[in-house]
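Visitor: Please find one structure pasted underneath; my questions will follow.
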Amino acid sequence: MPRQGKLLIAASGTGGHLFPALAVAEELPEYEIHWLGVRDRLEQQLIPPRYPLHTIHFSGVQGKTPWAKLRPLWQFWGAFWQTRQLLKQGHFQGVFTTGGYIAAPAILAARSLGRVALLHESNALPGKVTRWLAPWCTLVALGTPASLAYLKSKRLNLRVTGTPVRPDILHPGDLALPIPKDVPLILVMGGSQGAVAINRLVRETVHHWLDAGAWVVHLTGNNDPDAQGVQHPHYLVFPFFEPMGPLLHRADIVISRAGASALAELTLTGTPALLIPYPHAAEDHQTVNAEVLVSAGAAEMIPQSALTGDRLGRIILEWLGQPQKLQAMAENARQLAMPNSSQQVADLIRMLIPTP
Ligand SMILES: CC(=O)N[C@H]1[C@@H](OP(=O)(O)OP(=O)(O)OC[C@H]2O[C@@H](n3ccc(=O)[nH]c3=O)[C@H](O)[C@@H]2O)O[C@H](CO)[C@@H](O)[C@@H]1O
């Protein structure tokens, strides 16, 4: 048996799944933590070497043709079996997962061995894996109380904890960018992979914002061939930026997709946002995420289909001239913030998997 608590974290693919899991891992120095991921995904770059990374081959259970349906099932069985062997041979006491495909083999393997499975769901509309497997979990932690409406069974062990964020969101240092203190700053971001459609709209109109005296930081992601299409000394383009904390605190307006982590961060930094949900997100879950902020007066939402560069340009110019509106949005955002989420989830792990 291990001499300290031993935990397997299953989180893969996007910043939205990896950052909350990393934030919780950092709160648990007394545990030996290993990571379960998938080859060639973001975890390969983001997970520090102190958490040994084990990879399985699994990409979900969707498919249209009979063969396409069957292959993932076969893959799932392989992933389940590999995870079960890892848990058993490594004497892990339990699994913590932030949802997504990898959560399925991780939860089922842990429960088949009678070990703890704690799932954190950050989206307001819980993903399919969460809805299907919540009854198997020892406990499900939720990023927002809005999710409770979708998880009504009395058999579920639920806690609303908020979504864990990286420490620099809560305790930002100085922003290491040469932006003057007294200019308005617009931040454009599209989730951990960027959003090419938003990037295009912004490039169509950004010169109007720059002419109005604003500075713009644009996080384009790595998949935009035209990312460098506009050049201006006050328009700063990065494929990916870290640390986000100082940047979100400094920004006066954020234009963003509506992934759960980004929204949790916006509430903690109190940053007014124009949200453009990713139109192809599973079950349109980003719209449901965005509605939580919109109904609290913390953000406004526009579907991508209703947006042109010109319209986006005019909205942001109007906002730049309405500091009181922005201040009210910022205050409303802060009302939604749940700042000690990482500690709460870490405490749940300590409760379920006590260290010897
Ligand atoms: C396209 C898609 O389906 N995305 C989903 C994905 O998250 P996805 O990673 O797309 O989006 P999130 O908003 O949840 O997370 C993005 C994270 O990346 C960080 N960031 C972003 C840009 C950058 O340059 N630097 C940086 O650090 C943000 O600060 C944030 O922490 O999983 C989330 C959690 O299930 C879902 O809510 C999202 O809908």
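Visitor: Within a 10 angstrom radius of the beta carbon, how do Phe58, Phe76, Phe19, Phe96 rank from fewest other beta carbons to most? Before the final figure, lay out each step's value.
Guide: On the way: Phe58 23, Phe76 19, Phe19 26, Phe96 30.
Least to most surrounded, the residues fall as Phe76, Phe58, Phe19, Phe96.
Visitor: Sorted by mean Cβ packing within 10 Å, highest first, what order do the peptides 308-319, 132-143, 171-182 take? Write down the numbers at each step before the final one.
Guide: Details: 308-319: 15.8, 132-143: 20.4, 171-182: 10.8.
Packing order, densest peptide first, comes out as 132-143, 308-319, 171-182.
Visitor: As I understand it, the value is the acute angle between the Cα axis of helix 66-89 and the longest principal axis of the Cα atoms of the chain; what does it come to in degrees, rounded to 10?
Guide: That works out to roughly 70 degrees.
Visitor: Can I ask one more? Could you compute the net charge surrounding Met244? Neighbours are other residues with a C-beta less than 10 Å from the C-beta of Met244; K and R count +1, D and E count -1. Write down the numbers at each step before the final one.
Guide: Details: positive: Arg166; negative: Asp168, Glu242, Glu265.
For residues surrounding Met244, the net value is -2.
Visitor: What are the radius of gyration and Dmax of the chain, computed over its Cα atoms and given in Å?
Guide: Cα-based Rg and Dmax for the chain come out at 20.8, 65 Å.
Visitor: Next question. For the chain, what does the relative contact order come out to in percent, with C-alpha contacts under 8 Å and a separation of six or more? Please report the intermediate quantities before stating the final value.
Guide: Details: 713 pairs, mean separation 59.2, N = 356.
Relative contact order, the chain: 17 percent.
Visitor: Let me ask something else. Using the alpha-carbon atoms, what tilt in degrees (0 to 90, nearest 10) does helix 196-211 show relative to the longest principal axis of the chain?
Guide: Roughly 30 degrees, rounded to the nearest 10.
Visitor: Residue by residue through the stretch 245-252, which ³J(HN,Hα) values in whole Hz follow from phi under the Karplus form 6.51 cos²θ - 1.76 cosθ + 1.60 (θ = phi - 60°), with glycine and proline marked x?
Guide: Here the 3J(HN,Hα) series is x, x, 6, 5, 5, 6, 5, 8 Hz.
Visitor: Hey, what angle do you get for helix 103-112 against the long axis of the chain, alpha-carbon based, 0 to 90 degrees rounded to 10?
Guide: 20
Visitor: Moving to a separate point now. Hey, got the dipole for the chain? About the Cα centre, +1 on K and R Cβ, -1 on D and E Cβ, debye to the nearest 20?
Guide: Here the size comes out at about 1660 debye.
Bear in mind these aren't lab numbers, they're just calculated from the coordinates by the rules spelled out. Predicted model only: the values in this text are computed from it and were never measured. All Cβ positions, even for glycine, are placed from backbone atoms using ideal geometry, and neighbour counts span all protein chains on display.
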